[in-house]
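To start, the structure under review is shown below, and the notes come after it.
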Amino acid sequence: MAFSFENFEAALSGSYEQPFKKSYWNGAALYISCLIQQKMQRSRKNKGLTVLIFDDNKKEMPDLSDSLHEASPWFDPLYQTRRTLRKKTVWEELTPARRFDQIVNTAFALKSQHSSLVQIADAVAYIHRRNLELITGSESWAGEKNYIAGLVGKLPRSERLGRTPGGHASISITLRDIQAGCFRASSPGGGLAAHNPPLRPSWQHA
């Protein structure tokens, strides 16, 4: 998940009341949690709850665990499900018990040198971040841009939330948008917005 600092700061002046307040890290972590919730609640072979493990961040982790436990309805549009009622497709209302019910509500933090999986996540995040920086920045060495682009090409091309009922949290984003330095959003509540031409990128990743 990538956040545009400029768009995020602009959203803070609005009336969107995002639960993660002014924390880039917590906001990105909660969006990732929503994507996991959405994916796992659709899985028919789901064997249990998902444990979230992050790179060590002693300052932010307590707030993330609190947010998962409180399960704010602000995030409902990101993983809300639909069903058929009287031959019409309707959005199901989420009860408190169903919010983040696929995730253990205490997140864990590990030092990256203690976990190969966290190291892999760090590497993937760095590749995408560096690819964004090279859109408008200079190469550190000859051929870096093509090399990083080649690595990005080996990673999954896109991830979409699909249809949502709307709301400040709902977004539609693909890796192609990220690579172009653009975000598409139904509202700027999460600090994500469409820009053409793209803004000069300045990013936080999680």
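The values are calculated or read from the model by the stated rules, or taken from the named source; none is laboratory data. Nothing here was measured: the structure is a model prediction, and the numbers come from that model. Here Cβ is always computed from backbone atoms with ideal geometry, including for glycine, and neighbour counts include all displayed protein chains. These area figures cover heavy atoms from the full protein model, side chains too; ligands, DNA and RNA do not enter into them. Shrake-Rupley method; radii C 1.70, N 1.55, O 1.52, S 1.80 Å.
In the full protein context, the stretch 1-147 carries 62 Å² of accessible surface per residue, based on a 1.4 Å probe and ignoring ligands, DNA and RNA.
Classify the stretch 4-102 as rounded, prolate or oblate, taking a ≥ b ≥ c as the square roots of the eigenvalues of its Cα gyration tensor: rounded when a/c is under 1.5, otherwise prolate if a/b is larger than b/c and oblate if not. Could you put the intermediate results ahead of the total?
Numbers: a/c = 2.36, a/b = 1.38, b/c = 1.71.
The shape class here is oblate.
For Asp56 and Asp101, what is the calculated FRET efficiency with R₀ set at 22 Å and r taken between the beta-carbons, to the nearest 0.05? Rounded to the nearest 0.05, the efficiency is 0.25. For the stretch 1-148, a crude dipole built from +1 on the beta carbon of Lys and Arg and -1 on the beta carbon of Asp and Glu, taken about the Cα centre, is about 1020 debye to the nearest 20. Within the accessible area of the stretch 24-121, the carbon and sulfur atoms contribute 52%, probe 1.4 Å, all protein chains present.
Shown is the FRET efficiency for Lys45 and Asp122, computed with R0 = 41 Å from the Cβ-Cβ distance and rounded to the nearest 0.05: 0.90.
Gain in length, Thr136 to Lys87, computed as 0.36 nm per residue apart minus the alpha-carbon separation, to one decimal in nm?
Values: separation 49, 0.36 × 49 = 17.64 nm, distance 5.02 nm.
My answer for the length gained is 12.6 nm.
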